[in-house]
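A.B. asks: Take this structure, written in structure tokens, and hold onto it; I'll ask about it next.
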Amino acid sequence: MTSYSKEVIADLVSGKLPWPQTRRIMSAYKDDDRFFKYIQVLQDRVGWSDPILLPVSDHLFICDSAEGRVTKCECGHSFGDYRRNWKLAASIIVRDTEEALREIYPNSDIPDPQWMEIREFICPECGTLHEVEAAAPGYPVVHDFEPDLEGFYREWLGRPLE
Amino acid sequence: MLNKPTAPIRERLIESERLMEETGCYDGITSLSLRNEDPLKFETLHTKLRAYCVSAREMARRISASPGVREVGEMVVAIYTPEGDAIALSNGIMVHVHTMSRFIKWMIRNGYEENPGIRDGDIFANNDAFIGTVQVPDVMDVMPIYHGDTLVGWAGAVCHELEAGGITPGGDVALAQERFTEGLFVCAEKVGENDELRRDYVIRCERNLRMPIYWVLDEKAKVASCIDMRESVKALIDEIGLDYWLKVSKEFIEEGRRAQLARTRQLTVPGKYRGHTFYGHVTAGKPGYQPLGDPDWLYNIPIEMEVGLDGKITMDFEGTQPWGYHSMNCTPAGMDGGMFVTLTQHMNFEGLVNDGAWMATELKLPHGTWTNPDNEMVATATSWALLLPAYGVFQRLLSRAFLGRGFVEEAFVGQVNSPMIEMGGMSQYGTPFGMAHFECAAAGSGALAIKDGLDTAYVGWNPESDMGNIEIWEQNMPMLYIGRSIVPNSGGAGKYRGGCAFESTWLINKTDHLRLVTSEHSSRVFDNGGMCGGYPAPTCQKHRAVRNSNVFELAEHGKPIAHAPGRNPHHSDFEVRFEGEFELVEGPYITAPHKSGDIFSHSYNGGGGYGDVLERDPVKTAWDVENGFLTKEAAASVFGIALADDAEGFPVADVEATERLRKRKRAERLEKAVPVSQWMAEQRERVQQADFAPEVRKMYASAMKLSPRFTREFVEFWDLPEGFRYDG
């Protein structure tokens, strides 16, 4: 069975693993013990001790905390119950003018702000940009991911959550 | 039990479907007995079948005259069961493996065994998307495989034709608003017997196409590949025996189905994933468009993907737009194709790749939408315009799942639309011609979760992306390249940027009548997205051209010319360098014919970015600026990276200044940002008053008319009164 050390997984996740090695990992049979090593790598990275249950974005994690299972930023900011859309508890910058769009697209043809706006969802504590939506004005904010956390741990990982 | 090999094929198909319904397993195969008995023999046989397909395709590409097939590889071949399920396939445009399956099943269901009859040596062709393809230029040929008197399978091949004889030249007929202007249709027709194409069919092609040599030689290439695969399969059956073949060929498919389910359980996380993208279609005032519907239209493409605990993936397009009088509608066959080609790239990278993978998924395509039109007269000539953005969303949804599970190396922001340029008129040789230019088969890809996207090297519809050779393209069209270059900033910004696109600039040469038409590029909105903080790529580009330019005069005097439109979107380098009449066109480029001395440029798309821009590596950024992938202006303003010049004038990252700049940018973010709840409260009034552009209002009204779920979710999100609707 394919398996990699925690150090290799850490380098892979941080984008530091040399490309030839990354390429070999991409081409090889997948390592079935990846998930928990990955969680350990992420747990080492964050500055808090609430156990990570599932990463949902680059710096966002569902974790077990004193207030229950919550979506948490890497900086420690909690967005509340993991079943709620974390974006609704975030801060937002909306680019809905030509001037604001030009800041991101200085040399390109840009959308008509009457047809499309760019929404930046930001951690209110550390300012990390967690997600960007490009949407028509008035389009409801997307709830990107509602994991079946219980089923995942129980049936796929064989370690039911308490 | 039905005596399968000798029963009529229609009964065999019905029986196979009944068994799947009853057992949940393909053809009722609940145990992979042959695989268990001798796994080595099992795997070896499948490898042989795959080798037959790859070899047949390579041989056939040498017969073709089309640079699309020869250079870019716009072809795929496959071997099917008698009921039309794919057992093994070649590389190439794998979209069509399942569309061909639909074509074979359609003939079986429609009594082709009785009339026109299915016999050894027959050739059947189809390019009708409602029977089983994506668009008119995707012409497929299948031939039955008989062993003695027993139908033991089918060999099939598809080529994408560069010219389809529609209202506008090329294959992706941009101006088609109904089926009747899309070009030459071949609707599940017997076009040959005894291994030979019928002369009357070839004459029909020759008299209805602008450039019949592409289509006709592609037909011969496909027939040759089918015969090649057929003879290989027959020889294999002589070796392993008929009973073994009939059983093992179906076990391959059941194994493919099980492998797909297992792969999903291995690589993803169960749950619901959601995403969306948009597409702007702007045609108001353009010549040739009949007033059949609104000229300008904004499409929303929402997707909900559910990964079940059994590993089944379901994709639901509820809430999207109705079909329209344009060429971008798609049939369920096309939607299947998009799903299949995406799965083969992202999940079926090992093991058996065949129709089994498709059977482990489900598409929910709401009736009456562009994904499943309730009118078979609609045009589908540029289905890809909406398919590619849609399956880019699918790739991001899958990638969220890979990211959750820890397989970060597979997370990929996905594909983008590949704007097509097609043309016709008089060639540089003084003869009528028509063709599609396939250098579009090399867009920038979305970023990965661990690295930048591929520059000018990926399209979703052909995993072996290739832009072809400039010299070959120039042989086939009356235009000469005066520039082909990377478009700086065309990759979406992020910690890892999207792959960059390229743009071409041509001098129209040796013709007094060249019609240029473009399609599959969104106007006024981006039709892609970023992920985890990455931005979408700038994919709503306009076309720039110069008529009656002074390029020949400049060349004669050795003066500099512009080789690209340049980086100022308000004032192009064409205007700086050339004299003439300048054109800036939004939406499909459908204008009066060009002639020798005119200049035309066309840009392709880059991919979306991944991660927060403020985490971008400054050293990589300096390299990007040095090599033309990014402007210095964007490095500072978008990424917060300060660059200085080294002694030789090359950009180098100023790490300390970058740290200061980023700190300031982060603080600015927090200063500018407002709580989402506050923004929602401010927006609610606008939403309630429908204070939107007419096309945006129309989009909401159309989605609400078709989808009670979209309406409910919209009303709930904005806390609107019960019964709230937009009229349109």
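A.B. asks: Taking Cα atoms, how many degrees apart are the long axis of helix B:708-718 and the longest axis of chain B, rounded to 10 and kept between 0 and 90?
C.D. replies: 30
A.B. asks: What residues have an amide H closer than 5 Å to that of A:Glu131, excluding those fewer than 5 places away on the same chain, when H is modeled at 1.01 Å from N in the peptide plane?
C.D. replies: Here A:Phe121, B:Gly533 satisfy the definition.
A.B. asks: Could you pull out which residues in the stretch A:41-66 have an amide N less than 20 Å from a spot 7 Å beyond the Cα of A:Lys6, following the Cα-Cβ vector?
C.D. replies: Correct set: A:41-55, A:61-64.
A.B. asks: Which pairs in the list B:Lys286/B:Lys510; B:Lys286/B:Lys542; B:Lys48/B:Lys250; A:Lys6/A:Lys30; A:Lys6/B:Lys272; B:Lys222/B:Lys250 are over 19 Å apart, alpha-carbon to alpha-carbon?
C.D. replies: With Cα atoms farther than 19 Å apart: B:Lys286/B:Lys510; A:Lys6/B:Lys272; B:Lys222/B:Lys250.
A.B. asks: How would you rank B:Cys532, A:Cys126, going from fewest to most other Cβ atoms within 10 Å of each one's own Cβ?
C.D. replies: Arranged by neighbour count, lowest to highest, B:Cys532, A:Cys126 become A:Cys126, B:Cys532.
A.B. asks: Please give the contour-minus-distance gain from B:Asn194 to B:Asp646: 0.36 nm per residue of separation, less the Cα-Cα distance, rounded to one decimal in nm.
C.D. replies: 155.6 nm
A.B. asks: Would you list the membrane-span-like helices of chain A, meaning whole DSSP H runs whose alpha-carbon atoms span at least 30 Å along their axis and whose mean Kyte-Doolittle value is at least -1.0?
C.D. replies: Both cut-offs are met by no helix.
A.B. asks: Turning to a different aspect of this structure: To the nearest 0.05, how large is the calculated FRET efficiency for B:Val674 and B:Ala701 if R₀ is 22 Å and r is the Cβ-Cβ distance?
C.D. replies: 0.15
A.B. asks: Counting only residues 5 or more places away or on other chains, whose amide H sits under 5 Å from the amide H of B:Val139 once H atoms are built in the peptide plane?
C.D. replies: B:Cys159, B:Glu161
A.B. asks: State the Cα centre-to-centre distance between the stretch B:183-231 and the stretch B:338-394 in whole Å.
C.D. replies: Centre-to-centre (Cα) distance: 27 Å.
A.B. asks: Would you mind telling me the antiparallel percentage of the DSSP bridges in the stretch B:413-611, rounded to 5?
C.D. replies: Here the antiparallel bridges make up roughly 95 percent for the stretch B:413-611.
A.B. asks: Moving on to the next point. Cα axis of helix B:96-109 to longest principal axis of chain B: angle in degrees, 0 to 90, nearest 10?
C.D. replies: 40
A.B. asks: Kindly express, to the nearest 10 degrees and within the range 0 to 90, the angle between helix B:212-240's C-alpha long axis and the longest C-alpha principal axis of chain B.
C.D. replies: Between helix and principal axis, roughly 50 degrees.
A.B. asks: Pull up all non-local amide H partners of A:Val56: gap of 5 or more, or a different chain, and H-to-H distance under 5 Å with H placed in the peptide plane.
C.D. replies: Hits under the 5 Å cutoff: A:Phe61, A:Ile62.
A.B. asks: Taking θ = phi - 60°, what integer Hz values does the Karplus form 6.51 cos²θ - 1.76 cosθ + 1.60 yield along the stretch A:74-82, in sequence order, with x for Gly and Pro?
C.D. replies: 3J(HN,Hα) across the stretch A:74-82, in whole Hz: 4, 6, x, 5, 9, 9, x, 2, 5.
A.B. asks: What distance in nm separates the simple spin-label points at B:Glu11 and B:Glu43, each placed 7 Å from Cα in the Cβ direction?
C.D. replies: Calculated label separation equals 4.0 nm.
A.B. asks: Go through B:Pro67, B:Ala125, B:Val95 and say which Cα lies farthest out towards the positive end of the charge dipole of the protein assembly as shown; charges sit on Cβ, +1 for Lys and Arg, -1 for Asp and Glu.
C.D. replies: B:Val95
A.B. asks: A follow-up question, please. What are the ³J(HN,Hα) values, in whole Hz, obtained from phi via the Karplus relation 6.51 cos²θ - 1.76 cosθ + 1.60 with θ = phi - 60°, for each residue of the stretch B:513-527 in sequence order, with x given for Gly and Pro?
C.D. replies: These are the phi-based 3J(HN,Hα) values: 7, 10, 8, 10, 9, 10, 7, 6, 9, 6, 10, 6, 9, 6, 10 Hz.
A.B. asks: Rounded to the nearest 500, what is the protein assembly as shown's calculated 222 nm mean residue ellipticity when only DSSP H runs of at least 4 contribute -39500 (n - 2.57) each, over all residues?
C.D. replies: For the protein assembly as shown, the value works out to -10500 deg cm²/dmol.
A.B. asks: Taking the alpha-carbon centroid of each part, what is the distance from the stretch B:597-625 to the stretch B:1-43 in angstrom?
C.D. replies: Centre-to-centre distance over Cα atoms comes out at 50 Å.
A.B. asks: Still on this structure, I have one more. Can you sort B:Thr331, B:Thr277, B:Thr711 by how many other beta carbons sit within 10 Å, fewest first?
C.D. replies: In order of increasing Cβ crowding within 10 Å: B:Thr711, B:Thr331, B:Thr277.
A.B. asks: Still on this model: Rank B:Gly308, A:Ser5, B:Gln266 by how far each Cα sits towards the positive end of the charge dipole of the protein assembly as shown (+1 on Lys, Arg Cβ; -1 on Asp, Glu Cβ) and give me just the farthest.
C.D. replies: Of the listed residues, the answer is A:Ser5.
A.B. asks: Looking at B:Phe578, B:Gly597, B:Ala690, which one has the Cα that reaches farthest to the positive end of the dipole of chain B (charges on Cβ: Lys, Arg +1; Asp, Glu -1)?
C.D. replies: B:Ala690
A.B. asks: Right, something else. Post the alpha-carbon centroid distance, the stretch B:282-336 to the stretch B:53-126, in whole angstrom.
C.D. replies: Each part reduced to its Cα centre gives a spacing of 27 Å.
Throughout, read-outs are computed from the coordinates displayed, never taken from laboratory work. For clarity, every value in this text was computed on a predicted model and none was experimentally measured. So basically every Cβ, Gly included, is an ideal-geometry build from the backbone, and we count neighbours across all protein chains shown.
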